[in-house]
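Written below as structure tokens is the structure these notes are about.
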């Protein structure tokens, strides 16, 4: 079983649409959760951390369900500039470990 | 300009060549990582260094040899690679990892092609 699994995508949506990405993780010891964004032929960059209580950053809302080992990202009012690959990332949080990435979900927003 | 710099950006090498990838971080972080990104695959963690000591070797073939001479520099020495090693190699750094929000900052990567 893969450590971090994401919707395969790609998601093709019109501007203004609301789109949701889902992610599951296999290690129940995971402590930190993130969404990273990777533009075509660029390096990944942190989009937002994900907290148990859920958190929002402008048009982006992240949710975490520890019991189901499930993470989500909701993007409202999609913009053309949101087109990218979104990577679900977890960290066990122990010394000597590092971030574990999902394959990513590609979003394409069109006008 | 990113706080993590990788050179070269592109590299083409033969299977018998020896080359090195370089990573430098200007963020004062104490942990550095090598990741491999192949098409249609998630980023794969290769090596983790903390305070210049290797703390993770993720079953990487010995034809990849990391070196961390100080907390700001990380190298990946390559020799006798195979065509399937062609990928984007990403260096990252972070300040610690124990719980909390440990953001990793990535370099722009080295696009490696083995011919």
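Each value in this text was obtained by applying a stated rule to the coordinates, not by laboratory testing. This is a predicted model, so every value here is computed, not measured. So basically every Cβ, Gly included, is an ideal-geometry build from the backbone, and we count neighbours across all protein chains shown.
Annotations
- Fraction in percent of alpha-carbon pairs per bin - 10 Å, chain A: 15, 49, 30, 6, 0
- Each of B:64, B:106 has some number of other Cβ atoms within 10 Å of its Cβ, and from fewest to most they run B:64, B:106.
- With neighbours defined as other Cβ atoms within 10 Å of a residue's Cβ, the residues B:10, B:29, B:77 order from fewest to most as B:10, B:77, B:29.
- Shielding by partners for peptide B:42-49, expressed as the average number of C-beta atoms from other protein chains within 10 Å of each residue's C-beta, is 5.
- Shape category assigned to the stretch B:15-115 from the gyration tensor of Cα positions, a/c cut at 1.5: prolate
- For chain A, a Gaussian network of Cα nodes joined below 10 Å ranks A:90, A:19, A:50 by mean-square fluctuation, and the top entry is A:19.
- Cβ-based exposure ranking for B:51, A:107, in which fewest neighbours within 10 Å come first: B:51, A:107
- Shape of the protein assembly as shown, Cα gyration tensor, a/c cut at 1.5: prolate
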